[in-house]
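The values are calculated or read from the model by the stated rules, or taken from the named source; none is laboratory data. What you are looking at is a predicted structure, and each value in this text was computed from that prediction instead of being measured. Glycine gets a Cβ as well: all are built from the backbone with ideal geometry, and neighbour counts include every protein chain shown. Heavy atoms of the whole protein, side chains included, go into the accessibility calculation; ligands, DNA and RNA do not. Shrake-Rupley method; radii C 1.70, N 1.55, O 1.52, S 1.80 Å.
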Amino acid sequence: MAKPFTATLLGGLVAGALDITYACAHWNIAHDVAPQRIFQSVAAGLLGRDAAVAGGWNTAALGLALHFVMTTIMAAFFVAASRAAPALNRTPLLSGIVYGLGLYAVMNFIVVPFSAAGDGVIQAPEFNQFFYGGLLAHTLLVGVPIALIAKRFEN
């Protein structure tokens, strides 16, 4: 298998697994939310909230699949960028953190507000446990693993 392809798939899988595990644990501990509802919240971006919840485990499975598709796309962008700018692979921790911060911004200020789950309005963030937890998750559990895996498969 070609190294960029392997880096993309593995990066998407690892980042996706870490991120969704964090989301399930965080929301369960903070608000007693079941994993099914977390997965449905991802599907809500495509279907809308009411349809995602009404679909039960079918839409939960769709949401989980969509989550991994998104993290694989995130990995693909980083792998492509690291091929075009090899300097990104010299400091994968730093580049992964910066990339994770960018992903957080894109997801929370573009993708979610303009998805079927959003209302098209970009809200100022509330600086609470969910903001800081999400920021840390996107940097340490998404950006950094993707960058480390891209470095591992750079040549």
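Backbone N atoms of the range 53-82 closer than 12 Å to the 7 Å Cα→Cβ label point of residue 98 belong to residues 82. Take every pair of alpha-carbon atoms less than 8 Å apart whose residues are at least six positions apart; their mean separation over the length of the chain yields a relative contact order of 35 percent.
Here is how the number arises for the chain: DSSP H runs of 4 or more residues each give -39500 (n - 2.57), the sum is divided by the residue count, and the result at 222 nm is -23500 deg cm²/dmol. Rounded to the nearest 0.05, the FRET efficiency derived from the C-beta distance between residue 152 and residue 25 at R0 = 30 Å is 0.70. For residue 65 and residue 91, a Förster radius of 35 Å and the Cβ-Cβ distance give a FRET efficiency of 0.60, rounded to the nearest 0.05.
From the Kirkwood radius over Cα pairs of the range 47-91, Stokes-Einstein at 37 °C and 0.692 mPa s returns a whole-number translational diffusion coefficient of 262 µm²/s. Here the spin labels are modelled as points 7 Å beyond Cα on the Cα-Cβ line, and at residue 109 and residue 54 they lie 3.5 nm apart. Average accessible surface for the range 88-139: 59 Å² per residue, computed with a 1.4 Å probe over protein heavy atoms with every protein chain in place. Using only alpha carbons, the range 6-155 has a radius of gyration to Kirkwood radius ratio (Rg to Rh) of 0.99.
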